[in-house]
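Data first, discussion second: the structure below is written as structure tokens.
The values are calculated or read from the model by the stated rules, or taken from the named source; none is laboratory data. These numbers were taken from a predicted model, which means no experiment stands behind them. Every residue, glycine among them, receives a Cβ derived from its backbone with ideal geometry; neighbour counts consider all protein chains shown.
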Amino acid sequence: MDTFKYVIIGGGAAGVTAAEEIRKIDIDGSIALVCDEPYVLYSRVMLSKPNFFLGKVPFEQVWLRKEDWFKKNKVTFLKNKTATHIDSANKILSLLDGTKVKYDKLLLATGVSVRRLTVPGADKKGIHYLRTIDDGKAIMQHIKNAKNAVVVGGGFIGFEMADLFKLAGLNTTMIIREQHFWSPTLDGVSGQMIEDALTKNGVHLIKNNEIAEIKGIDFVESIVLKDGTEIPCDLLMCGIGVVNNTKWIAESGITVNKGIVTDEYLQTSASDIWSAGDIAEYKDILLEENVIMGNWVNAVEQGRVAGRNMTGAHDPFKFVSFYTTQGFGISIAFVGDVAYGANRVVLPRGSKEINSYSQVVMVGDELVGATMINRTGELTTFSKIIKNNIKVADKHSSLSDPNFDLKTLV
């Protein structure tokens, strides 16, 4: 049984960043990185960008590390390996192939899996999800010959893939089961602005509906909605959320909730075990509550903090996460925690009429998050207000004024 000072489960942004940070501090400590894919680190963000799929960005740019990175940094890369159990008392990690690895410090950066359709016909070819580079390659190949694309799900993946399919010249239909796009994260005004951009650019948008059946012999040929409507489809793209695979973690005796529960130092309930990235449900010291923040920049920053703490540091994770995208002539950005809640006040900023609108999310006298439609230039300032815990209880009218300069608050 091999023994390593540091073992990291997960070859994505959080895991690789943690290994990099550890090596900066501990130049000799042995590191093993367990990855359930055969690939070195690549950009999951780039995978959903139209320019990448359409060949306007060289495919090679997707790789963020090369094979020799592991050798240079003295990191043992255990690829195509799946973790199945942790014996935290004896510090032994078991893998699916029967291999056992002993560790001193362990990081759980396992990421999440895509949620899959379970309706009749969901096993047919031509149905796509987007999480891995192999998923991306399959879509890139399929769009060359497809004619009728259907996108299921009203979120970042759905928005970006619909943009791709229209740019590729496909007849594109989008299906969402909510009353408006990106509900409940966005309000009706924000949703309507996105919907207007979609339909103006030729996307057929169907709301308050979902797929009941997928028809075809081997490949998808059409879909049937719950109201009986049948739509021609030879490419079905699903962006219906993610699944947190925490069952084996819980069976290993580590506390889980929606994700793997950690404190503000990204330490789990088990000694010498940390968690980072999309799977971590961490204590946010800015919000004073546990949250899961599934995006790339958050994973990188958590990996960095977890890596330092595995070497003996005691640094809290304090970061204002953000995500941006654009397509169909509009820009969208989220910063901080934009979830609705009973203790939250949401202030509108701008309007549909001026084609520029934000939701400013308040908890008590502090700003905790914001969504922006065609106002992404304010993202950095919003971030500074949140990070510095600037009190804005008496600024509601100013925050609601689209002409008010937010920089005066910083």
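Odds and ends about this structure:
- Checking Ile127, Ile92 one by one, the residue that is in contact with a Leu (Cβ under 6 Å, 6 or more places away or on another chain) and modelled with pLDDT of 95 or more is Ile127 and no other.
- Only one entry of Ser351, Ser356 meets the criterion of being touching a Pro at 6+ places or on another chain (Cβ under 7 Å), of a type in the set (S, T, N, Q) and closer than 30 Å to Lys200 by Cα, and that entry is Ser356.
- Just one of (1) free of Cβ contacts under 8 Å to residues at least 24 places away in the same chain; (2) under 13 Å from the mean Cα position of the chain (by Cα) fails for Lys283. It is (2).
- Qualifying strands (runs of 3 or more DSSP E) (wholly inside region 318-406; at least 3 residues being crowded, with 21+ Cβ neighbours inside 10 Å and in contact (Cβ under 8 Å) with a residue 60 or more places away in the chain): 366-373
- Considering region 20-40, and only residues there that are more than 11 Å from Phe77 (Cα to Cα), touching a helix residue (DSSP H, G or I) at 6+ places or on another chain (Cβ under 9 Å) and among the hydrophobic types (A, V, I, L, M, F, W, C), the residue that is surrounded by the most Cβ atoms within 10 Å (Cβ to Cβ) turns out to be Ile22.
- Only listed residue being surrounded by 16 or more Cβ atoms within 10 Å (Cβ to Cβ), out of contact with any His (no Cβ under 6 Å at 6 or more places or on another chain) and outside the structural domain of Gly121 (by TED's automatic domain parsing), chosen from Thr255, Thr262: Thr262
- Restricting region 251-299 to residues that are assigned to a strand (DSSP E or B) and among the β-branched types (Val, Ile, Thr), the residue that is nearest to Ser48 (Cα to Cα) is Val291.
- Answer residue from region 220-239, given it is over 29 Å from the mean Cα position of the chain (by Cα) and in contact (Cβ under 8 Å) with a residue 40 or more places away in the chain and is surrounded by the most Cβ atoms within 10 Å (Cβ to Cβ) among those: Ile231
- Scanning region 135-158 for residues that are closer than 23 Å to Ser190 by Cα and either modelled with pLDDT of 95 or more or not aromatic (Phe, Trp, Tyr) (or both) gives Val150, Val151, Val152, Gly153, Gly154, Gly155, Ile157, Gly158.
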